[in-house]
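Asker: Can you keep this structure in mind? I'll have questions shortly.
The values are calculated or read from the model by the stated rules, or taken from the named source; none is laboratory data. Given the structure is predicted, the values throughout are model-derived calculations rather than measurements. No Cβ is skipped: glycine too gets one built from the backbone with ideal geometry, and neighbour counts run over all protein chains shown.
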Amino acid sequence: MPVTNFEKSTPPVLVCYCTNITAKALLASLLLGPMVASAQSASGAAEPLGFYGFSHEIPEVLTTTRLRQPKTRVPGTTTVIEGEMIRDLGIMSLVEVFRLVPGMVVAEVGSNTPVTTYHGTVHYEQRRMQVLVDGRTAHRATLSDMDWQTMPVPLELIERIEVSRGPNSAAYGINAFLGTINIITRNPADTAGAEMRVVRGSRNYIRTFASVGDTSENYDWRLAYEKRKFGGFDYQLDGDERVPFHNGHDINTFNYDSRLKVNSGFNADIRLGVVDGINEEDRDKNGELGATGNPDIDVRDYYLQTQLNFTTSQNHFFHFQMSFENYDRRQSWPVSIPESAVDCLANGVLVFHQPNLPLCFQPGGTPLIADINADSEDSRLEFELQDTLLFSDDLKLVTGLGFRKDTYRSETFFNGRGNNYQSRIFGNLEYTPVTWLTLNGGGNWERTTTTDEGYFSPRVAANFTLSNNHALRFVYSTAVRTPDGFEQNPDYGFTLRNVRPGQYAAYEGYRVESTAIWQHPNLVTLGRHLEEERIVSREISYFGLFPMSTGQISLEVRVFKDKLRDMISGVIQFDDWSIDNNVDLDQQGVEIEAAIEYPGTTIRASYGYLDQDGWYSGPQIYNDDGSINNHEKQYNVELLGRMSVRHSGSLALIQDLPFGLKGSTAYYWADKFRNSRFERIDFRLAKRIFQPRYSAELALTVQHYVNEEPDMSRANNIEDQNQIFLEAGIRF
Amino acid sequence: MKDKVLFIKRDVIPVVKFLTAAKVCAFITIIMLVAPLAVLAEHNGKSPVYLVGSGNRPLDDHMRTLLEKELENPKDLTVITAEQAVLADGGPIVTIGPAAFSRIRQANRNASVLALLVEPDFLEPFARHSSGQISGVYHGASLLRQALIGKAILPQATRIALISTTGSAELYEELIDQLPAYNLEARLFVVDDEKQLIPTLNRALSYGDFLLAAPDKAIYNPRTIKHVLLTAYRRNRIVVGPSRAYVKAGAIASGYVPFPAIAQMAATYLQTLHETGKFPEPDYPREFRTEINEQVARSLNIPLATQEQITRSVERRMKNTGGPGDE
């Protein structure tokens, strides 16, 4: 036994010695890892997995085809506005960012409701651009216009905004008719820490932002809150008299964004958000049926979104996205209906029809007092599967499937609830057969129950590139826009509640149908089946980067010729419903975007020229006497030109100044909205403080409205042409 | 008690036997170690140069071949192990990589050691403590060169973001003083703990036109580099440095010194030692090259000159400003 013990005790010493050597060798190899890699590379051995393993996470232009592509390979012109530029220029609301995009204009309609569009068309109910926030469709589900005031996107959280200019149905489906806006918020990993910013300014502008978050190996998260409060325009005109304008808003948004990293091949983005607040509406602008109070909108929206990202290899990845959005709007106001009008309703006389006005609106009598509402609740459930396959650096394929269910609930707009369904399949192939040529071919096939038809929207493009810095693109694309649920299947009527005095008790719960009050019954198109709008777009564009010894110039020029057919024009109002596929448009023009970057200086310019010809192409419209109503036809054509300004653009300068100051100025103009020209010059001076453990910023922004005349509407008036904003922010 | 004695006996016997065996082993080992060194010592009048490899055979062989080319007599170079260094009195020892250097320092504190393929933050404390006896040839590019590579890629850049720990802040001190001569300025953002890395990086990216990464393993290591690069690229900021390996990982560029230049400078240092008895201070070779990642540049829409053009631009700026490139 002792001998055995002795023999047993010896080997561990040797083993220990050998292990020690092995450990040292291992340590040496670890410490020398990078050098070994270099040596291997120098000897021509295979490159270690590195950048290429996560290159798909690096942002390039991704909106246009859903592939991440450098601008030289993108099949179309795409404007990218960095979040930092938005903040440096002192932009005070999200929608104003789009003044920087060539061909886009921004205006306010109704009670200070912001609208923006690329290549114009109508001013109300803007619905011809697809708008996405982190891949989630952002326009309302059924009354499918955009509500920019309640977008749950604080300016501080914008990473960048990509605007794909031109039809993009090939990638995003039937709403990407004139273009696509993709708002990409900052990755929660990039906002770890705490930030707070307060902004106060003219017209009771208040914006408070706060965020807190953290990042770790497996979980990044951020919780953000923003309050936006604004008084809106100062006054409106009643004749020549200035009267108060009730058009502000007070909106609160809460966002939770996170990324859960399960393993190197799988992670999940989870986002939640709530929007709550009041959007003020003036009774003279939006009240129906003789409003006696302001029909303010109580906003109660929320969304849930998750995207499961799978990376099976460095050349293959796919994601599955599910989102649910709910837009709950409560809007009620008191009305006072003259006794004579009640009598007209009771007797089936069209209340607002011109010949009936003397009869239906007689002075005296006891008016019917009631409350009515325009409450609505829209929901959108959306699924999407997208697969990206990189065969090589020169051959890339993205494909996907999508399904969307829109649900609408409104007693006023639909007299109940209903659903629309859309399903689609899409794909894009990027192929670079030779270094100087990249070809893109893509398309989207989609079926929607709003028209019960299927549509295919293709896009083909050839990019001729030179030395990675210059590209000449030729793009052909088509797209459709289908009417939304409200355009196609409205059932419009206000239900009277809390009816008083007692003599009208029988009217409690009575639904005043739009069919009972038509203003122009001979123009009504209600019940007519609407077809899709169609666009064929041809683009020649150039993108170039010019490096200089002390900076660089980038230049992008887009020349386009678009044919828009069967456009839906007309009026959507309670007492007027005249929309139809009745206008054709030809649009052509040129757009330029250029930037010069010098040390400490950035100059950026954008310009858009739009030449639009339109003509009536719908069914004949007759007057009451049987003659052709050319006025109405022309009116329908003009409606599609309200936002189609001939010249628009911006010029911005951002300059580093001594003493840690940063200055910027920007000039925006749009010429012209009907009879007015929008011009504004912004100035911003910021003091930035960078300390090892915190950063802070103090800034003063002045907006100078060049023209005294209001733009778009004569109600959009401000007292002082100089608007002042102060802001302070700190980040840890 | 009886049991206890028996227990002691059982333990002592193997130990005694082991010690005897160990003595024999040690004797044989010493003979094996000394024999080749004794032969070498007699080879010529000049002290031999000993080379201790990194353990990476292709790299060691490559460096040995380059050194042999540079030395007057290739036979002056002898490859030894760290254990043999105990007896390598008189002759300078060239080490490849930090691990080899550390082993030699543990084995023989009196030896003159020339460290190759090491970084300043690693070697400087030793070189400062044993000036003339310990020196080295750095294998990366100096931070100033890295900064100017960034400037060459992004000519409009004026501000450089730097991140360090409290302990590694001194890495950047010299650079921060040098930059104003090149119309550049830098600011250091200090990370106290790992959790602060990304928040601090975000603030740094708000300041700088690009991020300059030094060979600071506390900040830039395989575990953090992906987060650093992605955070920077999402902010449209490029990352320069710290080494070629990081360019493969996604940094847009890094300067590096080609191995022949390292070997050439090592030979010069050995010659100086031979003539003066002291090594010059550790330094970077004058010659350097630039590694670039074209895919990153393309992704960020940055027009990228060729590697040679970037290198020449850096050399020109340094020459015009009278910097180290004009040595």
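Asker: Being within 14 Å of chain A (Cβ to nearest Cβ) and not polar (S, T, N, Q) is the filter here, so list the residues in the stretch B:263-295 that pass it.
Answerer: Scanning the stretch B:263-295 gives B:263, B:288, B:289, B:291, B:292, B:294.
Asker: Same structure, new question: Of all residues in the stretch B:293-309, which are modelled with pLDDT of 90 or more and either buried (at least 20 other Cβ atoms within 10 Å of the Cβ) or not assigned by TED's automatic domain parsing to the domain that holds residue B:242 (or both)?
Answerer: B:293
Asker: Oh, and also: Which ones in the stretch A:590-617 are more than 14 Å from chain B (Cβ to nearest Cβ) and surrounded by fewer than 21 Cβ atoms within 10 Å (Cβ to Cβ)?
Answerer: The answer is A:590, A:592, A:605, A:607, A:609, A:611, A:612, A:613, A:615, A:616, A:617.
Asker: Is it the case that some residue within the stretch A:454-464 is exposed (fewer than 15 other Cβ atoms within 10 Å of the Cβ) and closer than 18 Å to residue A:421 by Cα?
Answerer: yes
Asker: Name the residues in the stretch A:196-223 that are of a type in the set (Val, Ile, Thr) and surrounded by fewer than 16 Cβ atoms within 10 Å (Cβ to Cβ), would you?
Answerer: Selection gives A:198, A:206.
Asker: In the stretch A:700-716, is there at least one residue being touching a residue at least 24 places away in the same chain (Cβ under 8 Å) and more than 29 Å from residue A:281 (Cβ to Cβ)?
Answerer: Yes, some residue in the stretch A:700-716 is touching a residue at least 24 places away in the same chain (Cβ under 8 Å) and more than 29 Å from residue A:281 (Cβ to Cβ).
Asker: Could you check residue A:157 against (1) touching a helix residue (DSSP H, G or I) at 6+ places or on another chain (Cβ under 6 Å); (2) surrounded by 22 or more Cβ atoms within 10 Å (Cβ to Cβ); (3) modelled with pLDDT of 90 or more and say which number it fails?
Answerer: Tallying (1) touching a helix residue (DSSP H, G or I) at 6+ places or on another chain (Cβ under 6 Å); (2) surrounded by 22 or more Cβ atoms within 10 Å (Cβ to Cβ); (3) modelled with pLDDT of 90 or more, residue A:157 fails exactly one: (1).
Asker: Next up: Is it the case that the stretch B:308-317 has a residue that's among the basic types (Lys, Arg), assigned to a helix (DSSP H, G or I) and in contact with a helix residue (DSSP H, G or I) (Cβ under 6 Å, 6 or more places away or on another chain)?
Answerer: Yes - at least one qualifying residue is present in the stretch B:308-317.
Asker: Now a separate question. How many residues are of a type in the set (Gly, Ala, Ser) and modelled with pLDDT of 95 or more if we restrict to the stretch A:262-288?
Answerer: Qualifying residue count, the stretch A:262-288: 3.
Asker: Conditions first: (1) assigned to a helix (DSSP H, G or I); (2) in contact (Cβ under 8 Å) with a residue 24 or more places away in the chain. Residue A:114 passes all but one, so which condition is the exception?
Answerer: Only one criterion in (1) assigned to a helix (DSSP H, G or I); (2) in contact (Cβ under 8 Å) with a residue 24 or more places away in the chain is unmet by residue A:114, namely (1).
Asker: Among (1) surrounded by fewer than 24 Cβ atoms within 10 Å (Cβ to Cβ); (2) outside the structural domain of residue B:62 (by TED's automatic domain parsing); (3) at pLDDT 90 or above; (4) within 26 Å of residue B:63 (Cβ to Cβ), where does residue B:217 come up short?
Answerer: Status for residue B:217: all satisfied but (3).
Asker: For the stretch B:41-76, give me each residue that is at pLDDT below 80 and surrounded by fewer than 19 Cβ atoms within 10 Å (Cβ to Cβ).
Answerer: Answer for the stretch B:41-76, where residues must be at pLDDT below 80 and surrounded by fewer than 19 Cβ atoms within 10 Å (Cβ to Cβ): B:41, B:42, B:43, B:44, B:45, B:46, B:47, B:72, B:73, B:74, B:75.
Asker: Do we find that residue A:394 is closer than 30 Å to residue A:297 by Cβ and modelled with pLDDT under 95 in this structure?
Answerer: So residue A:394 does not fit the description; no.
Asker: Also, I was wondering about something else. Residues A:628, A:568, A:572, A:579: which one is surrounded by fewer than 20 Cβ atoms within 10 Å (Cβ to Cβ) and in contact (Cβ under 8 Å) with a residue 12 or more places away in the chain?
Answerer: A:572 is the lone residue from the list that is surrounded by fewer than 20 Cβ atoms within 10 Å (Cβ to Cβ) and in contact (Cβ under 8 Å) with a residue 12 or more places away in the chain.
Asker: Which ones in the stretch A:674-698 are of a type in the set (Phe, Trp, Tyr) and part of a strand (DSSP E or B)?
Answerer: Correct list: A:678, A:683, A:690.
Asker: Is it true that some residue in the stretch A:95-109 is assigned to a loop (DSSP other than H, G, I, E, B), of a type outside the set (Lys, Arg) and under 12 Å from the mean Cα position of the chain (by Cα)?
Answerer: No.
Asker: Moving to a separate point now. Between residues in the stretch B:210-228 that are farther than 16 Å from residue B:160 by Cα and residues that are hydrophobic (A, V, I, L, M, F, W, C) and surrounded by 23 or more Cβ atoms within 10 Å (Cβ to Cβ), which pairs lie under 6 Å by C-beta distance while being six or more apart or on different chains?
Answerer: These pairs meet every condition: B:219/B:163; B:220/B:213; B:225/B:249.
Asker: Could you tell me whether any residue of the stretch B:292-306 is under 21 Å from the mean Cα position of the chain (by Cα) and aliphatic (A, V, I, L, M)?
Answerer: The answer is yes, given that some residue of the stretch B:292-306 is under 21 Å from the mean Cα position of the chain (by Cα) and aliphatic (A, V, I, L, M).
Asker: Inside the stretch A:423-469, can you point out the residues that are part of a strand (DSSP E or B) and out of contact with any strand residue (DSSP E or B) (no Cβ under 9 Å at 6 or more places or on another chain)?
Answerer: Matches in the stretch A:423-469: A:434 only.
Asker: Another question, then. Looking only at residues that are part of a strand (DSSP E or B) and of a type in the set (Gly, Ala, Ser) in the stretch A:590-621, which one is farthest from residue A:451 (Cα to Cα)?
Answerer: Only one residue fits best here, namely A:595.
Asker: While we're on this one: Just for the stretch B:310-319: of the residues that are within 12 Å of chain A (Cβ to nearest Cβ) and out of contact with any Leu (no Cβ under 6 Å at 6 or more places or on another chain), which one is surrounded by the fewest Cβ atoms within 10 Å (Cβ to Cβ)?
Answerer: Checking each candidate, the answer is B:316.
Asker: While we're here: Exactly one of (1) without any contact (Cβ under 8 Å) to a residue 60 or more places away in the chain; (2) in contact with a Leu (Cβ under 8 Å, 6 or more places away or on another chain); (3) surrounded by fewer than 20 Cβ atoms within 10 Å (Cβ to Cβ) is unmet by residue B:156. Its number?
Answerer: Answer for residue B:156: the failing condition is (2).
Asker: Regarding residue B:90, is this residue part of a strand (DSSP E or B), closer than 17 Å to residue B:270 by Cβ and not hydrophobic (A, V, I, L, M, F, W, C)?
Answerer: no
Asker: Next question. Could you say which residue among A:345, A:350 is farther than 30 Å from residue A:425 by Cα and either in a helix (DSSP H, G or I) or acidic (Asp, Glu) (or both)?
Answerer: Among A:345, A:350, only A:345 is farther than 30 Å from residue A:425 by Cα and either in a helix (DSSP H, G or I) or acidic (Asp, Glu) (or both).
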